[in-house]
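For reference, the structure discussed in these notes is given below.
What follows is calculated from the coordinates using simple rules that are stated; it is not laboratory data. For clarity, every value in this text was computed on a predicted model and none was experimentally measured. For neighbour counting, all protein chains shown are included, and Cβ atoms are generated from backbone atoms with ideal geometry for every residue, glycine included.
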């Protein structure tokens with residue numbers, strides 16, 4: 001069922017492209033659908049950085065998208081969507097408005113400006129390149145695309161954070177249903193493996209040990225820096241026959257996967273946002289689809305942290321664990 005090396009490209013009709021700058025420690029990741037796809041979204045964090053999420057509301061007219069962007073760079077990184085739109089327009093892909101096409105590209109960003117060079121952010125050129133190279137080829141998790149500058153465990157101080165990253169997971173059922181997730185893990189909280197309840201990344205003590213987040217909170221540690229300086233974002237994708245309202249429900253249920261792995265989650269300092277899109281084709285109950293969505297989101301979070309590589313003095317899971 002679960003694919004050990006699964007990713008969102010396992011879903012039919014999905015292509016993915018990444019670009020990153022490993023000097024400035026930022027990047028972006030784009031999902032392009034081969035055909036316009038139904039999409040919903042659910043925002044749970046209190047400091048989101050997003051684009052076109054209102055359009056995905058069930059009461060609004062446009063019901064399909066052409067691409068999705070996950071990006072670093074905080075609000076500046078939303079500019080990468082302009083490059084994706086330019087690329088899609090050149091391919092004559094978009095919503096037909098009579099005098100041309102308008103590509104629909106919702107987006108969400110993380111705050112990664114405190115790692116690397118804060119003056120260099122994903123821009124339209126980076127977004128264009130990511131869209132241009134989008135393919136069905138497998139990509140590495142960890143410090144890839146929007147995960148390049150992701151970190152976790154910032155409740156105490158950025159000095160004690162650990163490296164987060166981009167994670168993927170998928171599941172395939174015997175009826176042909178594929179459910180997958182791609183998540184950028186950049187939480188203020190710690191990350192726990194839901195299978196073992198072990199904390200695998202969070203705030204370290206400088207001596208190779210990860211501190212207990214709840215204990216730190218009970219010590220009345222001051223809340224982390226400015227609002228919006230964290231955030232976990234992601235995309236759930238499948239090939240189920242669903243409408244926009246149903247995919248919004250799938251996005252809501254998908255947040256359970258974040259709640260199983262990130263503690264605390266959906267805080268005032270996070271802008272946690274999950275998109276849920278479908279390319280269609282398989283009949284399935286929404287209860288099953290939402291349940292599987294939460295499972296792949298949780299696995300993607302763990303995979304992203306375990307694949308991350310420490311940079312600029314920020315250690316990764318692999319630096320503090322010798323399993």
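Taking every C-alpha pair closer than 8 Å and separated by at least 6 residues, the mean separation divided by the residue count of the range 251-323 gives a relative contact order of 38 percent.
What percent antiparallel are the DSSP beta bridges of the chain, to the nearest 5?
Values: 50 of 60 bridges.
The antiparallel fraction comes to roughly 85 percent.
Translational diffusion coefficient, Stokes-Einstein: compute it for the range 261-323 using the Kirkwood radius over C-alpha pairs as Rh, at 37 °C and 0.692 mPa s, and state it as an integer in µm² s⁻¹. Provide the component values of the computation, followed by the final result.
Values: Rh = 14.7 Å.
Using the Kirkwood radius from Cα pairs, D works out to 223 µm²/s.
May I ask you to order 201-213, 181-193, 229-241 by the average number of other C-beta atoms within 10 Å around their residues, highest value first?
Working: 201-213: 17.4, 181-193: 29.8, 229-241: 28.0.
Packing order, densest peptide first, comes out as 181-193, 229-241, 201-213.
Helices in the chain, meaning DSSP H runs of at least 4 residues, each add -39500 (n - 2.57). Divided by all residues, the mean residue ellipticity at 222 nm is -6500 deg cm²/dmol.
Please quote Rg/Rh for the range 91-160 to two decimal places, taking the Kirkwood radius as Rh and restricting both calculations to Cα atoms. Intermediate values should be presented prior to the final figure.
Values: Rg = 16.7 Å, Rh = 15.3 Å.
The Rg/Rh ratio comes out at 1.09.
Where the eigenvalues come from the Cα gyration tensor of the range 1-104, what are the semi-axes √(5λ) of the equivalent ellipsoid, largest first, in whole Å? It would help to have the intermediate numbers written out before the result.
Working: eigenvalues 97, 68, 58 Å².
One finds semi-axes of 22, 18, 17 Å for the range 1-104.
Find the relative contact order for the range 28-134 and round it to a whole percent, using C-alpha pairs within less than 8 Å whose residues are 6+ positions apart. Please report the intermediate quantities before stating the final value.
Values: 213 pairs, mean separation 38.6, N = 107.
Relative contact order for the range 28-134 comes out at 36 percent.
When you restrict to C-alpha pairs under 8 Å that are six or more residues apart and normalise by the size of the range 8-320, the relative contact order lands at 25 percent.
Based on the Cβ-Cβ distance from residue 54 to residue 34, what FRET efficiency comes out when R0 is 22 Å, to the nearest 0.05? Display every interim value, and only then the final one.
Numbers: r = 25 Å, r/R0 = 1.15.
Efficiency for this residue pair is about 0.30.
Sorted on the mean count of surrounding Cβ atoms within 10 Å across their residues, most packed first, peptides 77-88, 94-105, 60-71 read 77-88, 60-71, 94-105.
Cut-off is 10 Å between beta-carbons; in what order do 317, 160 appear when sorted fewest neighbours first?
Numbers: 317 27, 160 19.
Ascending Cβ contact count within 10 Å gives the list 160, 317.
Residues 198, 51, 121, arranged from fewest to most other Cβ atoms within 10 angstrom of their Cβ, appear as 198, 51, 121.
Once both labels are positioned 7 Å from their Cα atoms along Cα-to-Cβ, the gap between residue 173 and residue 97 label points is 3.9 nm.
Between helix 286-307 and the chain, what is the angle of the helix's C-alpha long axis to the longest principal axis, kept within 0 to 90° and rounded to the nearest 10? Once rounded, the angle reads 50 degrees. Here the Kirkwood formula puts the hydrodynamic radius of the chain at 19.0 Å, using every distinct Cα pair. Between 0 and 90 degrees, the angle of helix 244-261 with respect to the longest Cα principal axis of the chain falls at about 20 degrees. For the chain, the longest principal axis of the Cα atoms and the long axis of helix 80-90 meet at an angle of about 20 degrees.
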